[in-house]
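**Q** So that we are looking at the same thing, I have put the structure below in structure tokens.
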Amino acid sequence: MRVIMTGGGTGGHIYPAIAIADKIKRRNPDAEIIFVGTRYGMEKELVPKNGYEIRYITVSGFHRKKIWKNVKTIMDLAKGNREAKQILKEFKPDIVIGTGGYVCGPLVRAAHKYGIKTYIHEQNAFPGVTNKLLENYVDKVFISFPEAQAHFKKKQKLVVTGNPIRKSFLTSTMQNFREKLNIADREFVILCFGGSLGAGKINSVMVKVAEQLSKIPDFKLFFITGKIHYKSIEEQLLKLNINGKQIQLLPYVDNMHEYLSAADLVISRSGALTVSEITACGKASILIPSPNVTGNHQYFNAKVPADKGGAVLIEEKDLTEEKLMDTILRLKNNKEVLNAMGMASASVGRFDAVDIIYENLEF
């Protein structure tokens with residue numbers, strides 16, 4: 001069995017692909033699996049780290065405001081199409097699975113043309129442009145949220161699966177990692193992160209919140225800034241003379257399941273994978289959707305647990321130090337509400353997404 005996984009850009013596209021590949025490999029140890037991505041996405045680092053070969057094609061997104069830049073985009077697309085066809089001819093896959101990002105387009109379209117079974121997975125409640133265009137070229141469209149059904153035309157191809165998440169998130173327990181991360185039983189633990197690349201607005205507000213939290217006993221904050229923001233935030237915290245034991249600053253973590261499992265409350269963006277991991281772990285959260293994404297899809301992702309009572313949704317335009325601090329203290333001081341949010345979050349979580357996807361593949 002030979003499989004091509006394609007998807008790229010952010011961890012939200014790459015980690016689901018890795019989870020699917022791992023499932024295929026567990027069920028078919030002799031399966032040959034390669035990934036196809038771009039040289040500038042996170043896949044360049046994450047895929048080899050998880051033990052898979054990766055090949056690259058040339059592709060870039062269309063510019064809606066700077067129209068003249070689309071000349072290069074069209075040239076990249078033509079080159080990417082040629083490269084995709086060459087990879088398909090050399091590797092001869094039985095199936096091709098796309099998990100989002102511009103890189104999926106050339107691979108999925110070319111594979112369909114060659115009569116290869118093709119599939120795509122849409123992580124968001126509001127689908128991306130690439131996947132909406134590709135539904136005509138695939139055998140099945142896997143979607144994470146039922147809310148996404150309204151945005152696809154080929155209803156007969158849709159399968160609601162949930163988001164494939166790494167096995168580590170499903171087997172974690174809070175006590176395991178609270179002990180490993182040196183967290184005292186009495187401490188209220190907050191995990192804050194802005195997605196795989198970090199989030200400037202969340203970081204700037206959290207610096208002020210961290211200053212307040214450092215003065216309150218029995219709080220612990222794991223503040224994951226994103227690599228590009230880390231130095232700046234570190235300098236700001238040093239100037240404020242903030243307790244490094246109580247406020248732990250991190251640029252990025254690979255073992256997110258450990259921190260998420262140990263947390264009492266999560267503050268984050270609402271990328272589809274993030275929401276799926278939070279709800280799979282049954283965590284109460286404060287979700288701050290990025291306003292800088294196509295179709296405002298992070299807002300719709302956040303609404304899924306928020307509408308069930310599992311999350312507090314704060315739009316970035318409304319995010320202030322005072323509002324965030326008030327929300328944290330309200331939840332910290334009302335364990336019944338916090339526990340109810342955790343249960344509501346868990347009711348949204350899906351644990352079997354990768355199994356459903358595997359059962360719907362035709363090899």
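Laboratory data are not the source of any read-out in this text; all were calculated from the coordinates shown. Computed from a predicted model, the values in this text were never measured in an experiment. Don't worry about glycine lacking a Cβ; one is built from the backbone with ideal geometry, like all the others, and counts go over all protein chains shown.
**Q** Could you quote the convex hull projected area for region 169-348, Cα atoms only and averaged over all directions, in nm²?
**A** Details: hull surface 37.5 nm².
Averaging across all directions leaves 9.4 nm² for the Cα convex hull.
**Q** Same structure again: Could you calculate the contour length gain from LYS72 to ARG2, that is, 0.36 nm times the residue separation minus the distance between their Cα atoms, to one decimal place in nm? Don't jump to the answer; show the numbers that get you there.
**A** Working: separation 70, 0.36 × 70 = 25.20 nm, distance 3.28 nm.
Additional length available on full extension: 21.9 nm.
**Q** Beta carbons within 10 angstrom, averaged per residue: use that to sort the peptides 313-323, 338-348, highest first. Kindly include the intermediate steps, with their values, before the conclusion.
**A** Values: 313-323: 13.9, 338-348: 18.0.
Order by mean packing, descending: 338-348, 313-323.
**Q** How do 352-362, 25-35 rank on mean C-beta neighbours within 10 Å, highest first?
**A** Numbers: 352-362: 16.6, 25-35: 14.9.
Highest mean packing first, the order is 352-362, 25-35.
**Q** Sticking with this one: Tell me the angle of helix 200-213 to the major Cα principal axis of the chain, expressed in degrees between 0 and 90 and rounded to the nearest ten.
**A** The two axes meet at around 20 degrees.
**Q** Right, another one. Want the number for ASN28 to LYS155: 0.36 nm per residue separation, take away the alpha-carbon distance, what's left?
**A** Working: separation 127, 0.36 × 127 = 45.72 nm, distance 3.00 nm.
Between ASN28 and LYS155, full extension yields 42.7 nm more.
**Q** Next up: I'd like the orientation of helix 297-308 relative to the chain: the angle between its Cα long axis and the longest Cα principal axis, in ° from 0 to 90, rounded to 10.
**A** Helix 297-308 sits at roughly 60 degrees to that axis.
**Q** Applying 1/(1 + (r/R0)^6) with R0 = 30 Å to the Cβ-Cβ distance of ALA184 and LYS49, what FRET efficiency is obtained, to the nearest 0.05?
**A** Values: r = 32 Å, r/R0 = 1.07.
That gives a FRET efficiency of 0.40.
**Q** Now, a different point. Grab the DSSP H runs of the chain that are 4 residues or longer, score each as -39,500 (n - 2.57), total them, divide by all residues and round the 222 nm result to the nearest 500 deg cm²/dmol. Before the final figure, lay out the partial values.
**A** Details: 15 runs with 158 residues, N = 363.
That comes out to -13000 deg cm²/dmol.
**Q** Given charges of +1 on the Cβ of Lys and Arg and -1 on the Cβ of Asp and Glu, with all other atoms neutral, how large is the dipole of region 246-329 about its Cα centre, in debye to the nearest 20?
**A** Details: 6 positive and 11 negative charges, 50 e Å.
Once rounded to the nearest 20, the dipole reads 240 debye.
**Q** Next question, about the same structure. Work out Dmax and Rg for the chain from the C-alpha atoms and quote the Rg first, both in angstrom.
**A** Considering the chain through its Cα atoms, Rg and Dmax are 20.9, 63 Å.
**Q** Take peptides 286-299, 209-222, 3-16 and line them up by average Cβ neighbours within 10 Å, highest first, as a rough protection proxy.
**A** On the way: 286-299: 19.6, 209-222: 17.9, 3-16: 26.3.
Final packing ranking: 3-16, 286-299, 209-222.
**Q** Using a ≥ b ≥ c from the Cα gyration tensor of region 174-232 (square roots of the eigenvalues), is it rounded, prolate or oblate, where a/c under 1.5 gives rounded and otherwise the larger of a/b and b/c decides, a/b for prolate?
**A** Values: a/c = 2.89, a/b = 1.48, b/c = 1.95.
Oblate.
**Q** Follow-up. Quick one: if you take sqrt(5λ) for each eigenvalue of the C-alpha gyration tensor of region 209-299, what semi-axes come out, biggest first, whole angstrom? Could the numbers behind the result be given before it?
**A** Values: eigenvalues 116, 56, 30 Å².
Computed over region 209-299, the values are 24, 17, 12 Å.
**Q** Follow-up question, since we're still on this one. Expressed in nm to one decimal, what extension gain is obtained for the pair GLU235 and LYS89 from 0.36 nm per residue of sequence separation less their Cα-Cα distance? Intermediate results must be reported in sequence, preceding the final value.
**A** Numbers: separation 146, 0.36 × 146 = 52.56 nm, distance 5.14 nm.
Gain in length upon complete extension: 47.4 nm.
**Q** Indicate the gyration tensor shape class of region 2-160 (rounded, prolate or oblate), computed on the Cα atoms with a ≥ b ≥ c the square roots of the eigenvalues: a/c under 1.5 is rounded; otherwise a/b larger than b/c is prolate and the rest oblate. Each step should come with its number before you reach the end.
**A** Details: a/c = 1.41, a/b = 1.09, b/c = 1.29.
The shape class here is rounded.
**Q** Over region 169-348, what is the relative contact order in percent, taking alpha-carbon pairs closer than 8 angstrom and at least six residues apart? Don't jump to the answer; show the numbers that get you there.
**A** Working: 307 pairs, mean separation 41.2, N = 180.
For region 169-348, the relative contact order is 23 percent.
**Q** Between ASN334 and VAL253, how many nm apart are label points set 7 Å from Cα along the C-beta direction?
**A** 2.7
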